[in-house]
Amino acid sequence: ASLDDSDTSRQLATFLDEIAALSDKITVVRRDDDERRPSVAIVRAGTDVRVRFAGVPLGHELTSFVLAVLWVGGHPPKVPPEVAARIARLELRVDLETWFATSCLSCGETVQSFNTISVLNPTVQHTAINGAAFRDEAAARGIVGVPAVFVNGERLAHGRMSIERALDVLEALGV
């Protein structure tokens, strides 16, 4: 976890402690190694597999968080073999960000699509960002609706994305 002294960080720390109390396979370590605080990286020990959430992943994104814990922990995402093959063929090193709102009905699918891609191809890094926790940054980037997806800091797409559409968008980058 990367935390500061804000109320949102205290809320995230409490949330993480509650999650860790559910299983001896989950450990919370405060590293303060990310500039965006509060945030948490879910990391598969000894690998490059990780998914990051900035802000508190509650509301509709609680499901995305739980799935990310399962997937990073080794339970494979349920995707058709042809989709898994497309993900494996991606030859890119990118940092993706999906901006979400906890009340957004379309955000979960988009966050989960990019989390799946990141877990199955760790050269694709993904951070899901709760816009309410980072209002100034969202305003500076011109984000007026969610989900909003950025690649390497540049706006990539806007709106709900299935995993197939997310792959289409990434493949179109030509990287």
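The values are calculated or read from the model by the stated rules, or taken from the named source; none is laboratory data. Please read all numbers here as calculations on a predicted model, not as lab measurements. For neighbour counting, all protein chains shown are included, and Cβ atoms are generated from backbone atoms with ideal geometry for every residue, glycine included. Keep in mind that these areas ignore ligands, DNA and RNA; they rest on the heavy atoms of the full protein, side chains included. Shrake-Rupley method; radii C 1.70, N 1.55, O 1.52, S 1.80 Å.
Please enumerate the residues belonging to segment 73-82 that are surrounded by 17 or more Cβ atoms within 10 Å (Cβ to Cβ) and over 16 Å from the mean Cα position of the chain (by Cα).
Hit for segment 73-82 is Val79, nothing else.
Within segment 31-62, restricting attention to residues that are closer than 15 Å to Glu97 by Cβ and small (Gly, Ala, Ser), the residue that is surrounded by the most Cβ atoms within 10 Å (Cβ to Cβ) is Ala54. The condition of being hydrophobic (A, V, I, L, M, F, W, C) and open to solvent by 50 Å² or more (accessible area, probe 1.4 Å) holds for only one of Leu92, Leu70, that being Leu70. Go through segment 1-16 residue by residue and tally those that are open to solvent by 60 Å² or more (accessible area, probe 1.4 Å) and in a helix (DSSP H, G or I). Result for segment 1-16: 4. Taking segment 73-175 and the helices (runs of 4 or more DSSP H) fully enclosed by it, the elements with 3 or more residues that are in contact with an Asp or Glu (Cβ under 9 Å, 6 or more places away or on another chain) are at 81-89, 107-120. Screening the candidates Glu137, Glu97 for the property of being open to solvent by 20 Å² or more (accessible area, probe 1.4 Å) and over 22 Å from Thr63 (Cα atoms) yields one hit, Glu137.
Close contacts from segment 40-56, counting a first residue that is farther than 13 Å from Asn115 by Cα and a second that is among the charged types (D, E, K, R) and in a loop (DSSP other than H, G, I, E, B), with Cβ to Cβ under 9 Å and a gap of 6+ residues or different chains, come to Val40/Asp34; Ala54/Asp34; Ala54/Arg36; Ala54/Arg37; Gly55/Arg36. In segment 140-175, the residue that is modelled with the highest pLDDT out of those that are among the β-branched types (Val, Ile, Thr) and open to solvent by 40 Å² or more (accessible area, probe 1.4 Å) is Val146.
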